[in-house]
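These notes concern the structure reproduced below.
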Amino acid sequence: MEGNVVASKGFLGSLFDLSFNHLIATKAIKVVYVLGMIVIGLGWLAAVVAGFTQGAGDGLIALVLGGLVALLYLISIRIWLEIIIAVFKIVQNTRETADNTRAIAQGRSATPDAG
């Protein structure tokens with residue numbers, strides 16, 4: 001039942017949860033990723049524009065190499081965000097396991113359906 005309460009709490013409700021039972025990182029991580037994509041894209045665009053103002057050769061180099069660098073940055077951001085999400089999911093699953101173990105120890109069913 002605790003899992004349902006955690007899932008039903010909104011972003012603002014989770015933000016003002018002083019007991020930290022409702023985590024916002026899994027909700028906010030999508031925004032962080034989109035912002036990262038926008039910043040990387042704008043940086044690549046600025047590099048390409050700056051390259052073409054210097055000359056066609058510099059612009060093509062910025063277009064190709066800058067695209068590869070932008071892709072590597074995007075991959076690295078994605079990997080770090082996935083690591084962060086994995087840690088938070090471990091926390092959530094550990095909490096659920098502890099709740100289920102506590103319920104079983106008290107003689108209750110661990111799942112609401114089995115009761």
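From its DSSP helices (H runs of at least four residues, each -39,500 (n - 2.57)), the chain gives a residue-normalised ellipticity at 222 nm of -28000 deg cm²/dmol.
Residues whose amide H comes within less than 5 Å of that of ARG108, counting only those at least five positions distant or on another chain, are absent (H built at 1.01 Å from N in the peptide plane). With kT/(6 pi eta Rh) evaluated at 20 °C and eta = 1.002 mPa s, and Rh the Kirkwood radius from Cα pairs, the chain diffuses with a coefficient of 121 µm²/s according to Stokes-Einstein.
Each value in this text was obtained by applying a stated rule to the coordinates, not by laboratory testing. Nothing here was measured: the structure is a model prediction, and the numbers come from that model.
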